[in-house]
Amino acid sequence: MNTNNTTSFLVSPKVSLVGAPCAKLFFDYRIVNTSGYPNTGTTLGVGDNITVQISTDCGNSFSTIIIYVL
(Lines give C-alpha, C1' and ligand atoms only; values in the text may rest on other atoms or scores of the structure.)
Protein backbone atom coordinates (compact mmCIF):
# COMPACT_ATOMS: atom_id res chain seq x y z
CA MET A 1 0.00 0.00 0.00
CA ASN A 2 1.55 3.26 -1.06
CA THR A 3 -0.87 6.00 -0.28
CA ASN A 4 -1.14 9.48 1.16
CA ASN A 5 -4.70 8.82 2.27
CA THR A 6 -5.63 8.66 5.91
CA THR A 7 -7.47 5.39 5.28
CA SER A 8 -5.93 2.28 3.76
CA PHE A 9 -7.31 -1.21 3.22
CA LEU A 10 -5.71 -4.61 3.09
CA VAL A 11 -7.92 -7.46 1.92
CA SER A 12 -6.64 -11.02 2.24
CA PRO A 13 -7.43 -13.86 -0.12
CA LYS A 14 -10.50 -15.92 0.77
CA VAL A 15 -9.87 -18.35 3.64
CA SER A 16 -12.09 -21.38 4.23
CA LEU A 17 -12.63 -22.37 7.85
CA VAL A 18 -14.96 -25.25 7.01
CA GLY A 19 -14.33 -28.05 9.48
CA ALA A 20 -12.11 -25.92 11.71
CA PRO A 21 -13.20 -26.27 15.34
CA CYS A 22 -11.45 -23.01 16.27
CA ALA A 23 -9.84 -20.21 14.28
CA LYS A 24 -7.40 -17.48 15.33
CA LEU A 25 -6.16 -14.47 13.42
CA PHE A 26 -2.62 -13.20 13.95
CA PHE A 27 -1.04 -10.30 12.11
CA ASP A 28 1.76 -7.75 12.33
CA TYR A 29 1.66 -4.29 10.89
CA ARG A 30 4.20 -1.64 10.04
CA ILE A 31 3.64 1.82 8.70
CA VAL A 32 6.53 3.52 6.90
CA ASN A 33 6.67 7.02 5.49
CA THR A 34 7.70 7.07 1.84
CA SER A 35 10.66 9.32 2.65
CA GLY A 36 12.00 6.82 5.19
CA TYR A 37 11.25 3.62 3.28
CA PRO A 38 12.20 0.90 4.12
CA ASN A 39 14.07 1.68 7.31
CA THR A 40 12.12 4.34 9.19
CA GLY A 41 8.93 3.08 10.82
CA THR A 42 6.12 5.48 11.69
CA THR A 43 4.24 5.24 14.95
CA LEU A 44 0.49 5.46 14.94
CA GLY A 45 -0.74 8.60 16.65
CA VAL A 46 -3.47 9.38 19.13
CA GLY A 47 -6.83 8.73 17.52
CA ASP A 48 -5.41 6.34 14.92
CA ASN A 49 -6.97 2.89 14.85
CA ILE A 50 -6.85 -0.50 13.21
CA THR A 51 -10.18 -2.14 12.46
CA VAL A 52 -10.39 -5.88 11.80
CA GLN A 53 -13.45 -6.97 9.83
CA ILE A 54 -14.67 -10.32 8.50
CA SER A 55 -16.99 -11.30 5.71
CA THR A 56 -19.01 -14.49 5.46
CA ASP A 57 -20.47 -13.67 2.03
CA CYS A 58 -17.36 -13.24 -0.15
CA GLY A 59 -16.96 -9.55 0.61
CA ASN A 60 -20.49 -8.33 -0.06
CA SER A 61 -20.72 -7.16 3.56
CA PHE A 62 -18.35 -7.00 6.51
CA SER A 63 -18.70 -7.22 10.29
CA THR A 64 -16.24 -5.53 12.63
CA ILE A 65 -14.76 -8.01 15.11
CA ILE A 66 -12.35 -5.64 16.89
CA ILE A 67 -11.07 -2.07 16.77
CA TYR A 68 -7.64 -1.26 18.16
CA VAL A 69 -7.67 2.41 19.16
CA LEU A 70 -4.30 3.95 19.89
Inset, instruction - Give the residues of region 34-69 that are within 22 Å of Lys24 (Cβ to Cβ) and assigned to a loop (DSSP other than H, G, I, E, B), sorted by residue number. - result: Ser55, Thr56, Asp57, Cys58, Gly59, Phe62
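Can we say Thr51 is at pLDDT 80 or above and surrounded by 10 or more Cβ atoms within 10 Å (Cβ to Cβ)?
Criteria met by Thr51.
The values are calculated or read from the model by the stated rules, or taken from the named source; none is laboratory data. If you're wondering where the values come from, they're calculated on a predicted model, not measured in any experiment. Every residue, glycine among them, receives a Cβ derived from its backbone with ideal geometry; neighbour counts consider all protein chains shown.
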